[in-house]
1. What pairs come out if I take residues in the range 168-179 that are touching a residue at least 12 places away in the same chain (Cβ under 8 Å) and within 13 Å of residue 123 (Cβ to Cβ) and pair them with residues that are basic (Lys, Arg) and surrounded by fewer than 21 Cβ atoms within 10 Å (Cβ to Cβ) whose C-beta lies under 8 Å away, six or more apart or interchain?
2. Within the range 30-42, can one find any residue that is closer than 24 Å to residue 120 by Cβ, surrounded by fewer than 17 Cβ atoms within 10 Å (Cβ to Cβ) and among the hydrophobic types (A, V, I, L, M, F, W, C)?
3. Determine whether residue 113 is of a type in the set (D, E, K, R), without any contact (Cβ under 8 Å) to a residue 60 or more places away in the chain and farther than 26 Å from residue 170 by Cβ.
4. Name the single residue, out of those in the range 180-207 being in a strand (DSSP E or B) and under 18 Å from residue 126 (Cα atoms), that is modelled with the lowest pLDDT.
5. I'd like the residue in the range 86-101 that is among the aliphatic types (A, V, I, L, M) and crowded, with 22+ Cβ neighbours inside 10 Å and, out of all such residues, is farthest from residue 132 (Cα to Cα).
6. Tell me, which strands (runs of 3 or more DSSP E) wholly within the range 102-160 include 1 or more residues that are in contact with a strand residue (DSSP E or B) (Cβ under 8 Å, 6 or more places away or on another chain) and among the small types (Gly, Ala, Ser)?
7. Look through the range 138-150, keep the residues that are of a type outside the set (A, V, I, L, M, F, W, C) and more than 30 Å from residue 105 (Cα to Cα), and return whichever of them is surrounded by the most Cβ atoms within 10 Å (Cβ to Cβ).
8. Given the criterion under 12 Å from the mean Cα position of the chain (by Cα) and closer than 19 Å to residue 129 by Cβ, identify the matching residue among 104, 68.
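The values are calculated or read from the model by the stated rules, or taken from the named source; none is laboratory data. The model shown is predicted, which means the values in this text are computed figures rather than measured ones. Note that we place each Cβ from the backbone using ideal geometry, even for glycine, and neighbour counts take in every protein chain shown.
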Amino acid sequence: MKRFIRNVIFIRKISVIKTIYYSLKFKSKIFVGKGTVINLHRQSKIINTGVLFIGCDFSLPQKTVLDIYNNGTLKTDGIVKINNGTKIMIWKNAILSIGNGSYINEHSRVQCRKSIKIGENCAISWNVNILDTDEHEIIIDGKRKQKEKEVIIGNHVWIGCNCTILKGVNIGDGAVIGAGTVVTKDIKVKSLVVGNPYKIREGIDWE
């Protein structure tokens, strides 16, 4: 009975038409929540090898937005959840990949200009920003800094609320990023990173 009730509640949260449309379009299981906005531009695509939930969890008034520009790609494997109020921008020729068991919570933003890889079983909390770009050109002593660098988030990584992950960062497996932390450099495997500027403690674990 409880399972039946949960299924009824879930069905009430999804847009049946969008769910059928995108599932057929990309030949996979894609559940789309009511109010979710998906903008697909020329030759953009979703490659989903499991079950993808977009804007289906939590009853928030904010819309989930997924924008994929020309030849951009969202790749998901296994069960992946992008929850209400999240905004994901995948620009021209860029690739965002998310592994099995990972989720992104409400009011987070992912800005992918080149490549962002999120591993398996990652817990990304609310109000998290992940960017692989500075967006604007930065010139120091007449030399232009590289504007875009790949972001890699390993497996079983927990990113707390209000964190920002900046371009070029590689976060090792099992790491924990404490609330409000701005990550600008690589984080080792199973490290706890807290604060701004942050302090690092190695050899931790989380469940």
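1. Hits for this filter: 174/190; 175/188; 175/190.
2. no
3. Here the answer is no, as residue 113 does not meet what is asked.
4. Per the criteria, the residue is 195.
5. Taking the range 86-101 as the starting set, the residues that turn out to be among the aliphatic types (A, V, I, L, M) are 88-90, 94-96, 98.
Filter once more, so that each one left must be crowded, with 22+ Cβ neighbours inside 10 Å: 88, 90, 94, 96, 98.
Numbers: 88: 12, 90: 11, 94: 10, 96: 10, 98: 15 Å.
Going through the qualifying residues, I end up with 98.
6. 115-118
7. Residue satisfying both the conditions and the ranking: 145.
8. It is 104.
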